[in-house]
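Structure first, commentary second.
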Amino acid sequence: MIATGVFPMRLFLLFFFVGIVLILLQSTFLSLLPFGPVVPDLVLILCVYLGLHHPTMGAAVGSFVLGYSIDVVSSRQLGFNAFAMTLVFLAVYFSSRTIWLQNPVVTSLIVLFAALVKGAALVLVWVVFLKTEGFWLGAVRNMLMEAILAAALAPVVFSLLRRSESYMKKFDAVM
């Protein structure tokens, strides 16, 4: 479902600013929550939203840039999150072409699946390219907790994004 009435530049700016806010929230404020090393992956939710509602080449590049931005801000290894977010976008894009996904419960399940795909991709890359001593102790538990938190927050983030897009459509109708 591509938004055709919204000017592409305004839509780009909307997702650009939302992406910056989500990266800042995820890397600063949400890491202060008492969940330990588990932080809900808000950028993953945005990449899933882009894959479901804006399946374009620009959205795929945006998912890569969002992942790379997370790598730059809060990762010691560049490229892992960029790879994972691009993989998530592609998985959601291909699944959205065969399944109609509008229900909040179904979108939460898709976000859960996407978070598990991201976690599995990161584990695979980590095992292949880096040493793995002591890695397995908390990796699976943290991956599952982050996936559950992202799935729980997905309906709220999706609702806010849809509301922002509808506001942009109303703004475009006035102009």
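Structure summary
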quantity	calculated
Helix axis angle, 57-74 relative to the chain longest principal axis, alpha carbon, degrees	40
For region 28-116, alpha-carbon Rg over 2.2 N^0.38 Å	1.10
Cα→Cβ-extended label distance, 7 Å offset, between residue 139 and residue 160, nm	3.1
Mean ellipticity per residue at 222 nm, deg cm²/dmol - from DSSP H runs of n ≥ 4 across the chain, formula -39500 (n - 2.57)	-25500 deg cm²/dmol
Using θ = phi - 60° and Karplus 6.51 cos²θ - 1.76 cosθ + 1.60, couplings along region 166-171 (whole Hz; Gly, Pro as x)	5, 4, 5, 5, 5, 5
Per-residue HN-Hα couplings for region 44-49 [Karplus 6.51, -1.76, 1.60; θ = phi - 60°; Hz; x = Gly/Pro]	4, 4, 5, 5, 5, 4
Paramagnetic label zone (point 7 Å from Cα along Cα-to-C-beta, residue 7; backbone N under 20 Å) in region 43-63	58-59
Choice from 42, 22, 13 with maximal GNM fluctuation in the chain (Cα, 10 Å cutoff)	13
Nearest-ten-degree value, helix 104-129 long axis tilted from longest Cα axis of the chain	40
Rounded to the nearest 20 debye, dipole of region 8-165 from Cβ charges on Lys, Arg, Asp, Glu	160
Projected label distance in nm at residue 28 and residue 127, using a 7 Å step from Cα toward the beta-carbon	3.7
Estimated vicinal HN-Hα couplings, Hz - region 21-29 in sequence order (Karplus 6.51, -1.76, 1.60; Gly, Pro = x)	5, 5, 5, 5, 4, 5, 8, 10, 5
Cα-based equivalent ellipsoid of region 8-165: semi-axis lengths in Å, sorted from largest, via gyration tensor	24, 16, 16
Crossing angle, helix 80-96 versus the chain [Cα axis fit, 0-90 degrees, rounded to tens]	50
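Each value in this text was obtained by applying a stated rule to the coordinates, not by laboratory testing. The shown structure was predicted, so the numbers you read here are calculated from the model rather than taken from an experiment. Please note: Cβ atoms are built from the backbone with ideal geometry, for glycine as well, and neighbour counts cover all protein chains shown.
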